[in-house]
Amino acid sequence: MYKTREVCRACGFGKKAGPGGIKSAEETEELIPVFDLGIQPLANDFARPTDERAGYAPLKVLYCPRCRLGQLSVEVKPEILYARNYPYVTSNSKTMLDHFAKIESDLVGICESQTGVVEIGSNDGALLKFFGERGWKHLLGIDPAENLCKISIANGIPALSQFFDEYNALTARRSLGCAPALILARHCFCHVNDWQGFVRGLEKLAGEQTVIAIEVPYAQDMLVKCEFDTVYHEHTSYLSIQSIEYLLRDSSLCLEDVLEYDIHGGAIMLIIRSRKVAQVGKAILFHAKEKIDLAMWRKFAEHAEIKIMELGAMVRNLVSQGKKVVGYGASAKSTVWINACSFTKKEISFITDTTPGKWYTLSPGSDIPIVDSGALTRELPDYAILFAWNYAAECIEKEKIFRDKGGRWILPVPDIKIV
Ligand code: TYD
Ligand code: ZN
């Protein structure tokens, strides 16, 4: 189901196993374990009671002292994580649409033209559709999830149902008939195991003027705000700017700029371009401000442990007083919290979610039932833990009735508080 990874995927640091799995004597240094949640279920393995579960795997982050990348100690087989009926659908929430508008207007200003957009990890095609409505032409999605590509195609956005690599990069370029003005990848690069292969694919797909825009959660935000619930098996990397510079150093591409966004608890967009045309000044300035180091990871791990104990104690205390507690948003993050706190149906009666595909499934590891979002006002529990905290303002506003009738929100991030 998974294999271990002991070598940094960005810079190659770490003990390398030789023939027969024996590690070389010269390479004595190893990646440093910094955060360990033990053996955990796959965070998006929402399954119906009769479905077979994907299983469990270690959830541990190793830190690279050379390039400051954080990466999981294991790689779960991508076919298990994504290619089946992947339940994550790009949100059509107001928060997300505002974000689409922001990145579209930023990228219009950077790209040479609006002809040719390839999105890697295109999900159901929602972002490409948005770009199309704003006048971008020749759109193409690439995503391994068949169920989502079908939705994309039905909505008029062509999509290849594959993991992006150097081979389908050529297919994509041929089908566009030219190098794209823009290659987009939102929140999928940190899911990729083979970064070298991914970069080779980008080199094949991009032309000299192509802008490559890769949006990732920013590890520094995660560390500072203790968003430990974004550590799960799909997120194999927690990147630093230095790790990207190491990764690209032998390629024809380089980092030109880094844009910052509030989405998903803090994200950055890496603007990458051919070395022949890139102007790297802004990226160098961003790099100079970065504070990620081993001490920051250690502090994050200590803080996370305290938060897990805090939420666990708070909810158990409320339940022992006869209060009803539910979850709001069956996010992957909810799975991490629930299993870290060892919650069961006894503590959390159900989790509501707006995604129909998640209804009537059970949360991975705990078997807490997922129900429709109307359940919050139907059942009026005493407390709802906001597991979709990245949409906090929008959710709280939408669920006014719950608060008006005396319900209280438990916000888990950045600090646990009841509002
Ligand atoms: P999200 O934060 O997008 O992803 P992840 O799984 O990566 O942690 O998940 C948010 C979940 O919350 C998603 O399943 C949809 C749900 N949701 C609601 O139930 N109500 C809402 O108002 C919003 C915005 C999301
Ligand atoms: Zn490294």
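Table for the structure above
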| read-out | value |
| --- | --- |
| When residues of the range 58-83 are limited to those that are at pLDDT 95 or above and among the hydroxyl-bearing types (Ser, Thr, Tyr), the one nearest to ASP221 (Cα to Cα) | TYR63 |
| Tally, over the range 309-330, of residues that are touching a residue at least 60 places away in the same chain (Cβ under 8 Å) and either within 16 Å of ligand 1 (Cβ to nearest atom) or buried (at least 16 other Cβ atoms within 10 Å of the Cβ) (or both) | 9 |
| Unique match (being of a type in the set (Gly, Ala, Ser) and within 23 Å of the chain's Cα centre (by Cα)) among GLY135, GLY70 | GLY70 |
| Some residue of the range 16-33 being aliphatic (A, V, I, L, M), modelled with pLDDT under 95 and buried (at least 18 other Cβ atoms within 10 Å of the Cβ) | no |
| Lone unmet requirement of (1) in contact with a strand residue (DSSP E or B) (Cβ under 6 Å, 6 or more places away or on another chain); (2) within 16 Å of ligand 2 (Cβ to nearest atom) for LEU182 | (2) |
| Check on THR90, modelled with pLDDT under 95, touching a strand residue (DSSP E or B) at 6+ places or on another chain (Cβ under 9 Å) and within 16 Å of ligand 1 (Cβ to nearest atom) | yes |
| Lone qualifier among THR352, THR344 - being among the β-branched types (Val, Ile, Thr) and within 11 Å of ligand 1 (Cβ to nearest atom) | THR352 |
| Tally, over the range 141-156, of residues that are surrounded by fewer than 23 Cβ atoms within 10 Å (Cβ to Cβ) and among the hydrophobic types (A, V, I, L, M, F, W, C) | 3 |
| Which listed residue is of a type outside the set (Phe, Trp, Tyr), in contact (Cβ under 8 Å) with a residue 12 or more places away in the chain and more than 16 Å from ligand 2 (Cβ to nearest atom), from GLY121, GLY109 | GLY121 |
| From LEU81, LEU69, residue being in contact with a Lys or Arg (Cβ under 8 Å, 6 or more places away or on another chain), of a type outside the set (S, T, N, Q) and buried (at least 22 other Cβ atoms within 10 Å of the Cβ) | LEU69 |
| Counted residues, the range 276-298 - those being among the basic types (Lys, Arg) and either under 30 Å from ARG408 (Cα atoms) or surrounded by fewer than 13 Cβ atoms within 10 Å (Cβ to Cβ) (or both) | 3 |
| Filter result (assigned to a loop (DSSP other than H, G, I, E, B), away from ligand 1 (no atom under 16 Å from the Cβ) and in contact with a helix residue (DSSP H, G or I) (Cβ under 6 Å, 6 or more places away or on another chain)) within the range 43-73 | CYS67, ARG68, LEU69 |
| Residues located in the range 365-392, provided they are farther than 26 Å from SER320 by Cβ and more than 10 Å from ligand 1 (Cβ to nearest atom) | GLY374 |
| Qualifying residue in the range 107-121 (condition: crowded, with 19+ Cβ neighbours inside 10 Å and hydroxyl-bearing (Ser, Thr, Tyr)) | no |
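Per-residue answers, yes or no, for (1) surrounded by 15 or more Cβ atoms within 10 Å (Cβ to Cβ); (2) in contact with a Pro (Cβ under 7 Å, 6 or more places away or on another chain); (3) assigned to a helix (DSSP H, G or I):
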residue	(1), (2), (3)
ASP367	no, no, no
ARG378	no, no, yes
ILE385	yes, yes, no
ALA393	no, no, yes
GLU397	no, no, yes
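The values are calculated or read from the model by the stated rules, or taken from the named source; none is laboratory data. For clarity, every value in this text was computed on a predicted model and none was experimentally measured. Backbone-built Cβ (ideal geometry, glycine too); neighbour counts: all protein chains shown.
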